[in-house]
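Before any comments, here is the structure.
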Amino acid sequence: MNHAKCNTLLQKPRRQSRIIKCIYVVGFMDLFGVSMIIPLLSHHVKHLGASPTVAGIVGSTYGILQLFSSTIVGGWSDVVGRRYSLLTCLLLSSLGYGLLGLSSSITLFVIARIPVGLFKHSLSICRALLSDLVSETERPLVMGHFNAASSVGFILGPVVGGYLAEHEGGFYTSSFTCAAIFLLNAGLVWMLPWSEALVKRTDANSNSHICEICPDHNATKNGAYQNGSSQGNNHHSVPKEELPEPGASPTPGKPPSALTRWRHVSLLQPAWRQLASVVSRIRLVATSDMWDLFLVRLLMAIGIMLYYSNFTLAMEERFSIKPKVTGYLISYSSTLGALAGCLVGPVTALYGKDMPALLLHSTVLTCGLIFLYAAAPSVGQVVVSSTFFAISTTIGRTCITDLELQRGGLQASGTLIGAGQSVTAVGRILAPLLSGLAQEVSPCGPPSLGVLLALSAAILLMFRIPKWSGRGKTKTAKL
């Protein structure tokens, strides 16, 4: 009897692969649709009669909206649940891209960008959902695969968008196609087996029971779930007394159910109640001791953007390489970056799940590769730096997201991932300004400045990692 029950419980995590694979498809289609539009935006704005200055202001609208909405939408997904927040973001993004296909003036173009800027956070919510579904030990591997699937979409999208743009009304066709893709994604999300997701949360709180039934099962030793995080690890989620659950009504004498924690506040609850829960989560993240991770994210984001900011122009001025050849090199690097997502799992296993050490080493490697590119005397050296740069940055992004979730806890995963995206949005705003100033000095100015920023991030990590814990593992964030 016990063995039969044990086998049933141990089979449950295997059934979660279906919903995880569906999320991979959502990530692929998301960036596939977006990347169809991105290369065409500046040309379309110019076609509408905008001056370069106006085009720049219009282009920055999206980044500014993302800066302020990322954390709010991420916190909202913690409050009302992943399903309805993800559906809302996909449907409103589809509306925005549909309006973009109708834009015949600058005013309509700006209006179309508003819903996209406010609600295009589907990838962040997908990452938060994945962190809900898997254990801490599985999270880097699953996140790496998700990033790989998304990157493949980002590589293929411009090819389809460029083909459509060659025909009459190509931009409008691409916009409506993108809107249709987001509608398909919303349909896929609606049909996801959410009951299995809830079972997964129940399994996360039942592992101790599994171990009682199956004494020979080593789930707790190898990363069994406990309250959404790995048992045996020192960190914990945001305390319940600090994050009240307005929609919860647990049975007296029993712990809150997984379903209660999953939903938190009903989507039909008053807006002020949802907003109060979101603000409480944002406040806890803002007052936490995770400033070091967010600062490292900002420094590395700007450094990486500076590397790419004038890549085509610098290659032409330094080595007389035509933009077409440079495009091939960028595509080659992007493809490697997508494939590198599949290496995250084996690399983290090689490091014994020591994510702080892996983040430090990837940061140092990235710094060295940017320097190698800035000082490159030949195209061959640039190719070498681009090859390993794509791999190191992919691993570094996964590491820092995983560390943020480790230190913050899963009950605020949407807020944490949203806050990280807001920090990255700050980098997107600052990088073009810094790149323009550095190019006044030299074509190598932007990557040289990137070296200094990446070096600063590495030095900060060397000082802060020992303070996270004496053995180099992350300590609990004071959320």
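The values are calculated or read from the model by the stated rules, or taken from the named source; none is laboratory data. Model, not experiment: these values are computed from the prediction. Reconstructed Cβ throughout: ideal geometry from the backbone, glycine too, with neighbour counts over all protein chains shown. With ligands, DNA and RNA removed, areas are computed over all heavy atoms of the protein, side chains included. Shrake-Rupley method; radii C 1.70, N 1.55, O 1.52, S 1.80 Å.
Looking at the structure I just gave you, is residue 127 charged (D, E, K, R), closer than 20 Å to residue 153 by Cβ and either in contact with a Phe, Trp or Tyr (Cβ under 9 Å, 6 or more places away or on another chain) or modelled with pLDDT under 90 (or both)? When the stated conditions are applied, residue 127 passes them. The sole residue among 453, 461 that is at pLDDT 85 or above and closer than 30 Å to residue 312 by Cβ is 453.
If you filter the stretch 104-135 down to residues that are in a helix (DSSP H, G or I) and among the small types (Gly, Ala, Ser), you find that the one that is nearest to residue 174 (Cα to Cα) is 112.
When every residue of the stretch 335-344 is checked against the conditions, none turns out to be open to solvent by less than 30 Å² (accessible area, probe 1.4 Å) and modelled with pLDDT of 90 or more. Taking the stretch 83-93 as the range and being in contact (Cβ under 8 Å) with a residue 40 or more places away in the chain and open to solvent by 10 Å² or more (accessible area, probe 1.4 Å) as the test, the residues that pass are 83, 84, 87, 91. Kindly list the number of the only condition in (1) within 30 Å of residue 84 (Cβ to Cβ); (2) touching a Lys or Arg at 6+ places or on another chain (Cβ under 8 Å); (3) at pLDDT 85 or above that fails for residue 294. So the condition that residue 294 fails would be (2).
Return a yes/no flag: does the stretch 15-22 have any residue that is modelled with pLDDT under 90, outside any helix (DSSP H, G or I) and of a type outside the set (Lys, Arg). For the stretch 15-22, residues modelled with pLDDT under 90, outside any helix (DSSP H, G or I) and of a type outside the set (Lys, Arg): present. When the residues of the stretch 296-325 are filtered to those that are among the hydrophobic types (A, V, I, L, M, F, W, C) and surrounded by fewer than 16 Cβ atoms within 10 Å (Cβ to Cβ), the one that is nearest to residue 442 (Cα to Cα) is 313.
For the stretch 119-131, state whether one or more residues are under 17 Å from the mean Cα position of the chain (by Cα), under 28 Å from residue 60 (Cβ atoms) and free of Cβ contacts under 8 Å to residues at least 60 places away in the same chain. Yes.
Table: residues versus (1) in a helix (DSSP H, G or I); (2) surrounded by 22 or more Cβ atoms within 10 Å (Cβ to Cβ).
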site: 41; (1), (2): yes, no
site: 46; (1), (2): yes, no
site: 53; (1), (2): yes, no
site: 62; (1), (2): yes, no
site: 69; (1), (2): yes, no
site: 97; (1), (2): yes, yes
site: 102; (1), (2): no, no
site: 137; (1), (2): no, no
